[in-house]
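Comments concern the structure below.
Here, each number is a calculation from the coordinates, and none is a lab measurement. Just so you know, these numbers come straight off a predicted model, no measurement behind them. Positions of Cβ are backbone-derived with ideal geometry, glycine not excepted, and every protein chain shown enters the neighbour counts.
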Amino acid sequence: MNTIYQAAVETPYMQNRELSWLRFNERVLEEAMDESVPLFERLKFISIFTSNLDEFYMIRVGSLTDLSYMEEEHRDTKTGWTAQEQLKHIFSATVPLYEKRNAAFAQIEKALQQHQIYRIGMDDLDKLEKRQVEAYYEQYIYPVLSPTVVDSHHPFPHLMNKVPYVICSFEDKKHTLGIIPVSAALPAFITVREEPFRYILTIDVVKGYASQLFHMYKLQSANLVAVTRNADISPDDERLEYDDDFRQLMKETLKKRARLDPVRLEVQGVLPKSVEKIFREKLQLGPDQIFGSMAPIVMQYPFDLIQRMPESLQNECLYPPFKAHNAMESQPYLSMTEWCLKEDVLLFYPYDSMEPFLQLLKESAEDPHVVSIKLTVYRLAKHSQVIQYLCQAAENHKEVVVLIELKARFDEQNNIEWAERLEEAGCQVIFGVEGYKVHSKICLITRKDRNTIRYITHIGTGNFNEKTAKLYSDISIITAQEEIGRDADAFFKNMAISNLEGHYEHLLVAPHHFKEPLLQCIDREIEKSRRGEPCRIVMKSNSLTDKEILERLTAASNAGVPVMLIIRGICCLLPGISGHTENVEVRSIVGRFLEHSRIFCFGTDADCTMYISSGDLMTRSTSRRVEIACPVNNPHLKQRILHILKLQLEDNVKARRLSSNGRFENVAVSFGTERVDSQKQLVDESSHVMNRQIRGQRSFWHKWVQNWLQ
């Protein structure tokens, strides 16, 4: 125990990952408070912040709660805190976030009223609106309600995870509660008037009719609550209990998620002390695990609300419409396959469309020269063209192998259903390696042409997901380089036989051949610094928590290597700590698009060593997942990625700089300095390319269409 504490004392340049994450989510909330952000987008950021916090409590707090019950003491490797101490810090840090969310939501609702949009309560209804709501309640809401009382004959019910409940207390029935679950089958809100737009949340309607539902009792109070439960399930721990296949295990696992231990109780308004006492006893929660909120505790409705708004108002209150650049349209090739065989292709979502990759899959499904298509699946769009083309390929008697990760958190059910559909179409479906999540983003197309085998390999930082490709900033490279194709072929062969220790010449593959090559790259920059040569490290990642990487980056800083980190979320490395991280700068960008790409760059010029990666700089990615990092060798692709990194390092609008105390600060801008919003500039660059194509490519397209028709 003393050794652990000593280690914590010797690492003042590290911070706890959970508190770092909460500070990141606070950055999301700041976007909701930024009046330069369009109004409806600010409302979305409130919803995103809330969803983020829900998942954090379900997973991270759930995991720490499990650790706190164990006899063996588990301590954070960065701070030396026990699980109990981490939970205490988390609960304390969460309280001001609720206060900040309340203020942001109130600010946004006030602004919405200027656009004649009003969220109202039951007391705000006029006579006509009351009749309308009453009719809706009797016809649609009342039939699906299942109220119950808690007394000596009716036990306290199981409260489902994140389901809103109306909780009632009564004057004339001591120790009795009334509980009304609000069904997910009900709409989130009811529109009571179009102009001005007035709406009421369905949970407020149910609460308003609580006295009628419990007409036998005298209502004393009615509150809205939601329980958050531990959702951190590890199916591999239970695998041996099942003789059936892994899909059956995952189906059983998902049933458990809604019944695990509570970790948080949210209350809209103020819960009476007597009722709070009952909940604390029944749910086994401490007082610091109960959070009051003036804003709605269920915040999925803003997206549906915005869709109800007139198009003119949406145009005014949302980000300007943006059409991604279709890179295929600027190429002289008649097919995506031809382009990929002749040149390396870089797609930078969401500024580039995903259409070229989808076109490649479509062509491959029909191409008689294509022998096989192999692809990894982690998260897919609800209506996935990727699946459609894979099924077409299988139906055309091509070998289609799909490695589906059934443990992709909160996408488990979707992936089970996709696996079944793929198998029905004749695809071979495999489920990865026991004990490890396969998080890699790779597709391998194998062609046989004139007795020659050629590969087209797609490797990316994000999922094969058409929806998120419009929202997440990700990089994909499609290449016909034979050496990359051979490594990709070896990867799929190794996954099919659960071999994690396969040999790869060029790809970095976690868990056994990922972190060490990156550490060697850092060491090379250290050596260059000691020789007085130009050196630099730029790493872009969602999170940075791996302690060995943290320590090596600190060593680089001490050796005089400039270390520039673009970390959107968790960053356990504190910059600017004397004697440790003076040469480290950390930036976080939260804006219109979610920064999701992972780029690792070592060196100062065009000959730098560069990788794009599916994996973050986290212990789970380097040690407990199957990840792939791909070298970027093509000088043109490398230059484009360097341009992206340069823009993001110059961002002084949406970027925040991490300070030595672990908090984010605005980037200092001197008088006369040009304001740089990297995402906006990339949108402008993409639009400029599209406009140039429209003006200059009409004759090309006429020729292309004529050739295609022939």
### Task
Measure off 7 Å from each Cα along the Cα-to-Cβ vector at Asp124 and Glu674, then give the distance between these two points in nanometres to one decimal.
4.5
### Task
Assign one of three labels to the stretch 342-506, namely rounded, prolate or oblate, based on the Cα gyration tensor with a ≥ b ≥ c the square roots of its eigenvalues; rounded applies when a/c is under 1.5, prolate when it is not and a/b is larger than b/c, and oblate otherwise.
rounded
### Summary
If one compares the long axis through the Cα atoms of helix 385-395 with the longest principal axis of the Cα atoms of the chain, the angle in degrees, nearest 10, works out at 60
### Summary
The simple spin-label model distance between Glu366 and Ala496, using points 7 Å out along Cα→Cβ, in nm, is 2.8
### Task
Would you work out if the stretch 597-676 is rounded, prolate or oblate? Take a ≥ b ≥ c from the square roots of the eigenvalues of the alpha-carbon gyration tensor; rounded if a/c is under 1.5, else prolate when a/b is larger than b/c, oblate otherwise.
oblate
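Report the calculated FRET efficiency for Ser659 and Gln413 (r = Cβ-Cβ distance, R0 = 30 Å), to the nearest 0.05.
On the way: r = 41 Å, r/R0 = 1.38.
Efficiency at R0 = 30 Å is approximately 0.15.
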### Task
For the chain, calculate the relative contact order in percent as a whole number, restricting contacts to Cα pairs under 8 Å that are 6 or more residues apart.
11
#### Entry: Part-to-part distance (alpha-carbon centres) for the stretch 543-565 and the stretch 616-654, which is given in Å
16
### Message
I'd like to compare 182-191, 107-116, 205-214: which one has the highest average count of other Cβ atoms within 10 Å, and what's the full order after that?
### Response
205-214, 182-191, 107-116
#### Entry: Gyration tensor (alpha-carbon) shape descriptor, the stretch 5-152, a/c threshold 1.5
oblate
### Contour excess over end-to-end distance, with Cα ends at Asn666 and Glu399 and 0.36 nm allotted per residue
90.9 nm
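Return the FRET efficiency for the residue pair Thr191, His503: r is the Cβ-Cβ distance, R0 is 56 Å, and the value is rounded to the nearest 0.05. Each step should come with its number before you reach the end.
On the way: r = 62 Å, r/R0 = 1.10.
Efficiency, rounded to the nearest 0.05: 0.35.
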### Query
With the dipole of the chain worked out from charges on the C-beta (+1 for Lys and Arg, -1 for Asp and Glu) around the Cα centre, which of Leu518, Ala496, Val632 lies farthest toward the positive end?
Val632
### Summary
If each part is reduced to its alpha-carbon centroid, the stretch 50-117 and the stretch 196-224 end up apart, in Å, by 29
### Query
Of the chymotrypsin sites (Phe, Trp or Tyr not before Pro) in the stretch 404-464, which ones lie in a loop per DSSP and count no more than 14 other C-beta atoms within 10 Å?
Phe410
### Summary
Of the stretch 154-198, those with amide N under 14 Å from the point 7 Å along the Cα→Cβ vector of Val144 are 164, 181-190
### Among the listed pairs Lys130/Lys382; Lys448/Lys493; Lys448/Lys470, those beyond 28 Å (Cα-Cα)
Lys130/Lys382; Lys448/Lys470
### Task
Give, in nm to one decimal, the length gained when the segment between Asp151 and Val689 is fully stretched (0.36 nm per residue of separation minus the Cα-Cα distance).
186.8 nm
### Query
Considering every pair of different Cα atoms, what Kirkwood radius, in Å, is found for the stretch 271-427?
20.4
### Query
How many lysine pairs are close in the stretch 515-676, with Cα atoms under 23 Å apart and the two 8 or more places apart or on different chains?
12
### Task
Take the alpha-carbon centre of the stretch 462-490, take the same for the stretch 382-425, and report the distance between them in whole Å.
17
### Query
Which FRET efficiency value, to the nearest 0.05, is calculated for Arg624 and Gln107 with the Förster distance at 41 angstrom and r the Cβ-Cβ distance?
0.50
